[in-house]
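Before any comments, here is the structure.
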Amino acid sequence: MEVIIRPDAEAASDLVARIIAAEIRAKPSCVLGLATGRTMDRVYQRLRTMQLDFSRCRTFNLDEYVGLPPSDPHSYRAYMNNALFRHVNIDLANTHVPDGMAKNLDAECRRYEAEIEHVGGIDLQILGIGKTGHIGFNEPLSAFRSRTRVKALSPTTTAQNAAFFGGAENVPRRAITMGVGTIMDCRRCVLLATGDSKAEIVAKAVEGPITSMISATALQLQRRCVVVVDEEAAARLTQQEYYRWIFENEPEWEPFRDS
Ligand code: GLP
C-alpha cells in the first residue's frame, strides 16, 4: 500500500482523476471499478473536463441499494448517469451497476460476478470509505473472501446517508455490493478519502491491524493499492513524513507532481 497526501480535497480529487485518465489513455478498453458518494463528486467533475475517450471503456460500480429503480434519483445508477456517464462518450451498455430491483437478488449477484469475470476482471478500482471502514457496502464482519452479495446496512452507514433520503427511516436497509474478495481481485485500486471526518477511520484502515471489523484493512493485502488523502483526512496517520517523501521522490509519481 502507498499513501499519498495532497494539500486539500480539490488536489486529492484531481490526482485520482488524473490516475483514471492515465489508465484510460494507456488502455482505452480498460475496465474501471467505480464508486459513488460525496467524495467522488469532485473526481467525476474533473473527469468530465478532461476530454477523455471513454468509447471503449467498461465500468462496474461497487454497489446499489436494494429496492431502488434506476429512475429513483437516490439510486447509484442515477448518481452515475448524472455525475459522469451522460457527460462523456461512454456507451451506456458498457456501464454496469447491480440491479437492486432484481426479483432474484442472489441470481443478480452471481450474474454481476460473472460479468466482471467475462470482461477479464477490473483493471482499476476506485474506492471511497464509509465511517464504519466499509469499502462498497462491506459492513463490519464482511468476509475478506466475500463476493457480490446482499448486505444489511449498519446503523452508522444508514445515519451517514440519511441526509440524501430526508431521514434515516427512508434509507434502504440492504444493498447489493461487490464483496471484499471481488474488490481484492482488481489489478490496481485507489482509495480516496477527504475531510477531517475521515481521519480516524483512514488511520485505522491504513495503519491499524487487519480485521474484518474494518473491511478497508483488507486493502493492506492488495498488491497495488494507493490511498489518496487530503491533509485533513491524513491527520491521524503516524508515518506522514514517509508518505510525503514517496510522492515527492518516487519516479512513478513524477508525472503527477505538477498540480
Ligand atoms: C457509501 C458507498 C461507499 C462510499 C461511502 C462514502 O456508503 N457505498 O462506496 O465510499 O458511501 O461516502 P462519502 O464519500 O459520501 O463519504
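The values are calculated or read from the model by the stated rules, or taken from the named source; none is laboratory data. Please read these numbers as outputs of a predicted model, since none were measured by experiment. All Cβ positions, even for glycine, are placed from backbone atoms using ideal geometry, and neighbour counts span all protein chains on display. SASA here: full protein model, heavy atoms, side chains in, ligands and nucleic acids out. Shrake-Rupley method; radii C 1.70, N 1.55, O 1.52, S 1.80 Å.
Summary of computed values
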quantity	calculated
Among (1) within 10 Å of the ligand (Cβ to nearest atom); (2) part of a helix (DSSP H, G or I); (3) closer than 20 Å to Leu32 by Cα - the single one Thr157 does not satisfy	(3)
Those residues of the range 159-206 which are closer than 21 Å to Asp106 by Cβ and among the β-branched types (Val, Ile, Thr), in sequence order	Ile176, Thr177, Val180, Thr182, Ile183
Lone qualifier among Val202, Val206, Val119 - being in contact with a helix residue (DSSP H, G or I) (Cβ under 7 Å, 6 or more places away or on another chain) and either farther than 25 Å from Pro69 by Cβ or open to solvent by less than 40 Å² (accessible area, probe 1.4 Å) (or both)	Val202
Residue within the range 212-234 that is within 19 Å of the chain's Cα centre (by Cα), surrounded by 15 or more Cβ atoms within 10 Å (Cβ to Cβ), part of a helix (DSSP H, G or I) and of a type in the set (Ser, Thr, Tyr) present	yes
Meets criteria (modelled with pLDDT of 95 or more, farther than 25 Å from Pro73 by Cβ, open to solvent by 50 Å² or more (accessible area, probe 1.4 Å) and out of contact with any Cys (no Cβ under 8 Å at 6 or more places or on another chain)) for Arg187	yes
Hits in the range 15-25 (condition: open to solvent by 30 Å² or more (accessible area, probe 1.4 Å) and in contact with a helix residue (DSSP H, G or I) (Cβ under 8 Å, 6 or more places away or on another chain))	Arg18, Ala22
Close pairs (7 angstrom Cβ cut-off, 6 or more residues apart or separate chains): touching a residue at least 40 places away in the same chain (Cβ under 8 Å) and more than 17 Å from Val229 (Cα to Cα) in the range 39-55, outside any helix (DSSP H, G or I) and open to solvent by less than 50 Å² (accessible area, probe 1.4 Å) anywhere	Leu47/Leu84; Arg48/Leu84; Arg48/Val88
Every residue from the range 100-116 that is crowded, with 21+ Cβ neighbours inside 10 Å and outside any helix (DSSP H, G or I)	Gly100
Qualifying residue in the range 143-150 (condition: modelled with pLDDT under 95 and either open to solvent by 20 Å² or more (accessible area, probe 1.4 Å) or assigned to a loop (DSSP other than H, G, I, E, B) (or both))	no
Failed condition for Ala12, given (1) surrounded by fewer than 22 Cβ atoms within 10 Å (Cβ to Cβ); (2) among the aliphatic types (A, V, I, L, M); (3) more than 18 Å from Arg187 (Cα to Cα)	(1)
Some residue of the range 132-139 being at negative phi, within 16 Å of the ligand (Cβ to nearest atom), touching a Pro at 6+ places or on another chain (Cβ under 7 Å) and not acidic (Asp, Glu)	yes
The range 117-134: number of residues that are farther than 18 Å from Ile19 by Cα and touching a Cys at 6+ places or on another chain (Cβ under 9 Å)	1
Lone qualifier among Val97, Val88, Val119, Val66 - being more than 16 Å from the ligand (Cβ to nearest atom) and in contact with a Leu (Cβ under 9 Å, 6 or more places away or on another chain)	Val88
